[in-house]
Structure formats: C-alpha cells, structure tokens
1. If residue 73 satisfies all but one of (1) closer than 25 Å to residue 33 by Cβ; (2) in contact (Cβ under 8 Å) with a residue 40 or more places away in the chain; (3) in a loop (DSSP other than H, G, I, E, B), what's the number of the condition it fails?
2. Just to check your reading of the model, which residue among 77, 124 is out of contact with any helix residue (DSSP H, G or I) (no Cβ under 7 Å at 6 or more places or on another chain), surrounded by 15 or more Cβ atoms within 10 Å (Cβ to Cβ) and modelled with pLDDT under 95?
3. If you scan the stretch 100-119, which residues turn out to be in a loop (DSSP other than H, G, I, E, B) and at pLDDT 95 or above?
4. Please indicate, with yes or no, whether at least one residue in the stretch 82-93 is at negative phi, without any contact (Cβ under 8 Å) to a residue 12 or more places away in the chain and not in a strand (DSSP E or B).
C-alpha cells in the first residue's frame, strides 16, 4: 500500500467519523435515537413521593420519570403488603424537568391541597422549550379512574 493511500485513510476515517458525530449531535431526532440505543433502561427516575393522592384514605406512590417519549408521572396504588398496582400514567406536555420550592424544600414532585378544599393534588413542575416554568397540577377523577389537569377556581 502506498504512503499516499495510507495518508488518505489516516485522515479520511477520522474526518468521516467526526462528520457523522457532528450530524448526530445537530439533528435532535438522530441524537435522541442514539441516546435511546445507548441507554440501558430508557427510564430515568427523577422523583418519588407517597401520599393520599387518590383522596380515598389509601397510600399511593407517585413516580416522576424521564422516558424516551418525554417526562411522565406514574401513580401506583400501594397495598398492605407493599405491592403496587398501576393507577395512571400522565405524559407531561413540556420536555424539560423542573424544580420548585414547596414547604421550604426544593422538589421535583409534591402532593398538596393547593386550594384548601380537603382534596390532595399532584404537583409536577416542568419547563417548556423557552425555559418558561410551568407547575402542572393534577387531581384524581374517581369516575374516570385517571388524573386530569386541574385548574383551581379563584
């Protein structure tokens, strides 16, 4: 093999790999696909909290996590033996996780009675693409057996 061919290979291969890596980094869909392929579980737990978010006197475990398709809040009923049963899973509309100060603690997820009516709501902060913060408030609807976005009346 001539020295000129060897030189082209030594320069061309790293340059080609750099161009491919740059294209993957610049195209969000490609980047997310590579990240998903390289991640082991595809689910990053961001926060957990337990409480009576079903407003029936029972304990539920709430998990906020980042998955391949966005940020989710999942609610699991906890039985007396510590076992869990899925109740609902909500995809948050924003793509960036958020934090907020609740009762003197910085948190990513909380259960609270935001309007003082005796019913607990689920609070999950996020940021939109312009990094504007949103506090997502959800309340359990027992008739539909799912969580709905909640707007407290003023």
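The values are calculated or read from the model by the stated rules, or taken from the named source; none is laboratory data. These numbers were taken from a predicted model, which means no experiment stands behind them. Using ideal geometry, Cβ is built from the backbone for each residue, glycine included, and neighbour counts are taken over all protein chains shown.
1. (3)
2. Every option except 77 fails the conditions.
3. Matches in the stretch 100-119: 108, 109.
4. Yes, there is a match, as at least one residue in the stretch 82-93 is at negative phi, without any contact (Cβ under 8 Å) to a residue 12 or more places away in the chain and not in a strand (DSSP E or B).
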